[in-house]
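The values are calculated or read from the model by the stated rules, or taken from the named source; none is laboratory data. Everything numeric here is computed off the predicted structure, so don't read it as measured data. Positions of Cβ are generated from backbone atoms using ideal geometry, with glycine treated the same way; all protein chains shown enter the neighbour counts. Keep in mind that these areas ignore ligands, DNA and RNA; they rest on the heavy atoms of the full protein, side chains included. Shrake-Rupley method; radii C 1.70, N 1.55, O 1.52, S 1.80 Å.
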Amino acid sequence: NGSGNARSTPARVAGLSGVTAIAAGFNLGVALRSDGTVWAWGMNFDGQLGANAPFLWSDTPVQVAGLSQVTAIAAGFAHIVALRADGRVFTIGQNAYGQLGDGTTAGRSSPVAVVGLTDAAAIAAGEYHTLAARRDGTVVAWGSNSGGELGDGTLANRSAPVAVAGPADVIALAGGVSHSVAMARNGDLYAWGGNGSGQLGNATQGYTSVAGRVQGIAQVESIATGYFHTVATRADGSVLSWGYNVDGELGDGTLVQRSSPVVVLRRDGGGAVATNDWFLDLRPTVASSIPADRIPVFLVVASPAGGDVTARIRYRPEDIGTAGSVYVFALAPATSVKAAADGTRPVAYGKTTARGGAKETPVACVLAQLNAAGQLQAVTAGQLQAYVSGTLSAQGQAVNILNGASFVNIGGATFYVGYGANPTSMLNDGLNRGVITVPAARECTPQPPQTGWWWNPAEGGRGYSIEVAGNHIFFAAFLYDESGRSRWYVATGTTSLDGSLFVGDLLDARGGQTLSGPYRAPAISTVGPITLSFNTASQGTMVWPGGAVPIERFNIMPGGLAAAPLPGQPENGWWWNPAESGRGFFIEWQNGQGGPQADLAGYMYDDAGNPVWYLSVYPTPDPRRFSGNWWSYAGGQTLTGPYKPPTRTSDNVAPVTVEFHDATRATMTLPGGRTVSLQRHRF
């Protein structure tokens, strides 16, 4: 605006009119005018304002010479990207990582053409990398690649465009510090690159150099990225976000980073909870709906002020008027927690994760509460002290979280609020939510497990299928009985601690439907308790009647977990026919070394009514079609017995074919030619 002074209120940018698009870099502003010219202001140390800029900076807009007929602009840290009407892309400014795409790493104070790119339709700039979508919907990228943000399967910087495998029919792009996002015409999202804060939305925190589809969000209409977070608006006006959240960037009412999409709240979390009128709606005239697995268990709004954080809880409608207590507690690194007052050994709820990719020995995360001295003290679930008790009212409850405690004492802890009849039921029933993670080198940041196949590598032949949706989990274990027959157990219910903990009953189902017989409902009984605790999205511990078992995600083939999914791939997880409950099929596709394959397991019963399972793993070059044989196994590990490997007893129990109509519907052909309709099980 010509002054060079910071402002806390808007001021008009001097001398600009007819502006059709804007972009911002680091200390850099850019505007596109309707006549196709580009204007910029701010820092010019790298020549980003052009050779005609009078100084090393300009506090009023200057025209970037050499750019005309421009239809779109983008800005990185210190470089400008311009898309012309003829499909060519021009860049100017910093180029240390090849972000200008001219085949060199020399900075430019005059625009240069991106080599080999003549049919671009959309552009975006990350901090030190650049993206373009071609007119055919494919994506190319160039520049810095330290986190895999170029999506070419490597971590090598590129000074000329390289193809991004996977995304198709792309019409919009966005780039953060080290991550990239692409939006397809049908509203699907793809993301790749750095992921230390969960900004890829794929329920992990590890970078990936190949593009993958963002699950749990569809019908997206626009996208944007911050340094370490991502935001998407849907066609119905709702907004979802994921990634870094220390300053509340995600708008979900908390200060905890999220590795899967969460819903942005209305201002101050207002609106009616009972009618789901609590989320930000940018199109109030259009009917909006939030998927059930994205609705938080209860609403909370955290407000940081003066070194403390206040959290306002809004109870679920069904809990209002009941007696209960509110609890404030933390999961904290054991090394920063004082011993329990009575000497009780604390229970570990996962392990710390190191920020910035640091290779540190993980430390257990334990349950703790702040004592009067502002220190974290270990407690068991039953020892949690209530913040307040009484009748839960429609006004909710405001609680102080940190109470002025020094960040030195509480660094790395994630603080929670919860409520219930007692602390154990509050934890086991999942009535708690993370409010703030205090930044530190090592942090306790619980997260739910990935949907897919899990196992203990030391116990091959026994595996576990896990799916989490919202704050619910569906778990099944395939193993063997004492006579050597294959059998299975199941557990399902509400998760706790942001999806990282499940405590429930292990169930035994008997007497249900056989592979080819008519439908009959099974009888359910309880075998014993089960606890699932996840350190990360791909590692955890299971405690059940067979003892404590470490579990981790399973590579169906080498590199299967790291590879991008195939275009058009159906959803991983549980499938069933709702008219034949008690029999289900768990399917996961992976695209690792050797080509894409699907692992299909059928959970059902034998002629005597005993639980039995069949397995089928075959290549799926077309992910919409699965064709193979059911396999059977016997003689492996029982629920409580020592490990012993199983034997495959048949490679051809019966043929199986599944034709997938879309991501959530299919038709399975059973022995004898009978067909049955399947759909994703929205438990």
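Checking the structure you have, find out if any residue of region 76-85 is among the charged types (D, E, K, R) and at pLDDT below 95. No; the residues of region 76-85 include none that is among the charged types (D, E, K, R) and at pLDDT below 95.
Assessment of region 341-351 against the conditions (over 27 Å from residue 263 (Cβ atoms), touching a residue at least 12 places away in the same chain (Cβ under 8 Å), part of a loop (DSSP other than H, G, I, E, B) and within 27 Å of the chain's Cα centre (by Cα)) yields at least one matching residue. Looking only at residues of region 573-606 that are part of a loop (DSSP other than H, G, I, E, B) and farther than 14 Å from residue 555 by Cβ, we find that the one that is least open to solvent (accessible area, probe 1.4 Å) is 583. Among the numbered conditions (1) open to solvent by 20 Å² or more (accessible area, probe 1.4 Å); (2) within 21 Å of the chain's Cα centre (by Cα); (3) under 22 Å from residue 410 (Cα atoms), the only one that residue 255 does not meet is (1). Considering (1) free of Cβ contacts under 8 Å to residues at least 24 places away in the same chain; (2) over 26 Å from residue 292 (Cβ atoms); (3) of a type outside the set (Asp, Glu), the lone condition that residue 667 does not fulfil carries the number (2). Being open to solvent by less than 40 Å² (accessible area, probe 1.4 Å) and within 14 Å of residue 199 (Cβ to Cβ), is that true of even one residue in region 148-156? Yes, region 148-156 contains a residue that is open to solvent by less than 40 Å² (accessible area, probe 1.4 Å) and within 14 Å of residue 199 (Cβ to Cβ). Of all residues in region 432-467, those satisfying the criterion of being open to solvent by less than 30 Å² (accessible area, probe 1.4 Å), assigned to a strand (DSSP E or B) and among the hydrophobic types (A, V, I, L, M, F, W, C) are 435, 436, 453, 454, 466. Would you confirm whether or not region 381-401 contains a residue that is surrounded by fewer than 21 Cβ atoms within 10 Å (Cβ to Cβ), modelled with pLDDT under 95 and within 24 Å of the chain's Cα centre (by Cα)? Scanning region 381-401 turns up no residue that is surrounded by fewer than 21 Cβ atoms within 10 Å (Cβ to Cβ), modelled with pLDDT under 95 and within 24 Å of the chain's Cα centre (by Cα). Across region 272-305, what is the total count of residues that are within 21 Å of the chain's Cα centre (by Cα), assigned to a loop (DSSP other than H, G, I, E, B) and not β-branched (Val, Ile, Thr)? Result for region 272-305: 5. Picking from residues in region 570-591 that are within 23 Å of residue 476 (Cα to Cα) and among the polar types (S, T, N, Q), the one that is modelled with the highest pLDDT is 577. If you go through region 46-54 one residue at a time, do you hit one that is part of a strand (DSSP E or B) and hydrophobic (A, V, I, L, M, F, W, C)? The answer is no; no qualifying residue exists.
Of all residues in region 610-661, those that are open to solvent by 40 Å² or more (accessible area, probe 1.4 Å) and not in a strand (DSSP E or B) total 9. I'm trying to understand the selection: among the residues of region 561-589, which are touching a strand residue (DSSP E or B) at 6+ places or on another chain (Cβ under 6 Å) and polar (S, T, N, Q)? Once the filter is applied, which keeps residues that are touching a strand residue (DSSP E or B) at 6+ places or on another chain (Cβ under 6 Å) and polar (S, T, N, Q), region 561-589 yields 569, 572, 577.
In region 513-569, which residues are more than 21 Å from residue 430 (Cβ to Cβ), aliphatic (A, V, I, L, M) and either over 28 Å from the mean Cα position of the chain (by Cα) or in a strand (DSSP E or B) (or both)? Correct list: 515, 521, 523, 524, 527, 548, 549.
Taking residue 418 as the residue in question, decide whether it is buried (at least 16 other Cβ atoms within 10 Å of the Cβ), modelled with pLDDT of 90 or more and of a type in the set (Gly, Ala, Ser). Here the answer is yes, as residue 418 does meet what is asked.
When we screen 374, 324 for residues that are part of a loop (DSSP other than H, G, I, E, B) and either in contact with a Phe, Trp or Tyr (Cβ under 9 Å, 6 or more places away or on another chain) or not hydrophobic (A, V, I, L, M, F, W, C) (or both), the only hit is 374. For region 23-45, filtering for residues that are assigned to a strand (DSSP E or B) and either touching a residue at least 24 places away in the same chain (Cβ under 8 Å) or aliphatic (A, V, I, L, M) (or both) leaves 13. If you go through region 306-318 and keep only what is closer than 13 Å to residue 396 by Cβ, part of a strand (DSSP E or B) and open to solvent by 20 Å² or more (accessible area, probe 1.4 Å), you end up with 310, 312, 314. Taking the criterion of being open to solvent by 20 Å² or more (accessible area, probe 1.4 Å), in a loop (DSSP other than H, G, I, E, B) and more than 12 Å from residue 49 (Cα to Cα), the residues of region 71-106 that qualify are 77, 85, 86, 88, 96, 97, 102, 103, 104, 105, 106.
The condition of being in a loop (DSSP other than H, G, I, E, B), β-branched (Val, Ile, Thr) and in contact (Cβ under 8 Å) with a residue 12 or more places away in the chain holds for only one of 13, 62, that being 13. Of the residues making up region 662-683, those that are open to solvent by 30 Å² or more (accessible area, probe 1.4 Å) and more than 19 Å from residue 614 (Cβ to Cβ) number 8. Residue-level check: of (1) part of a loop (DSSP other than H, G, I, E, B); (2) open to solvent by 40 Å² or more (accessible area, probe 1.4 Å), residue 20 misses just (1).
Across region 357-371, the qualifying residues are those that are in a loop (DSSP other than H, G, I, E, B) and either touching a strand residue (DSSP E or B) at 6+ places or on another chain (Cβ under 6 Å) or open to solvent by less than 30 Å² (accessible area, probe 1.4 Å) (or both), and the one among them that is modelled with the highest pLDDT is 371.
Residues of region 192-248 that are over 16 Å from the mean Cα position of the chain (by Cα) and basic (Lys, Arg): 234 alone. For region 272-301, the set of residues classified as open to solvent by 70 Å² or more (accessible area, probe 1.4 Å) and under 18 Å from residue 233 (Cα atoms) consists of 277, 282, 283, 284, 285, 287, 289, 292, listed by residue number. Checking each residue in region 540-555 for being in contact with a Phe, Trp or Tyr (Cβ under 7 Å, 6 or more places away or on another chain) and surrounded by fewer than 20 Cβ atoms within 10 Å (Cβ to Cβ) picks out only 552. Do we have any residue at all in region 77-88 that's within 21 Å of residue 226 (Cα to Cα) and touching an Asp or Glu at 6+ places or on another chain (Cβ under 6 Å)? Within region 77-88 (the criterion being within 21 Å of residue 226 (Cα to Cα) and touching an Asp or Glu at 6+ places or on another chain (Cβ under 6 Å)), the answer is yes, since at least one residue qualifies. For region 556-572, the candidate set comprises residues that are surrounded by fewer than 18 Cβ atoms within 10 Å (Cβ to Cβ) and not small (Gly, Ala, Ser); within that set, the residue that is nearest to residue 664 (Cα to Cα) is 567.
Among the candidates 239, 181, 210, the residue that is in a strand (DSSP E or B), buried (at least 18 other Cβ atoms within 10 Å of the Cβ) and modelled with pLDDT under 90 is uniquely 210.
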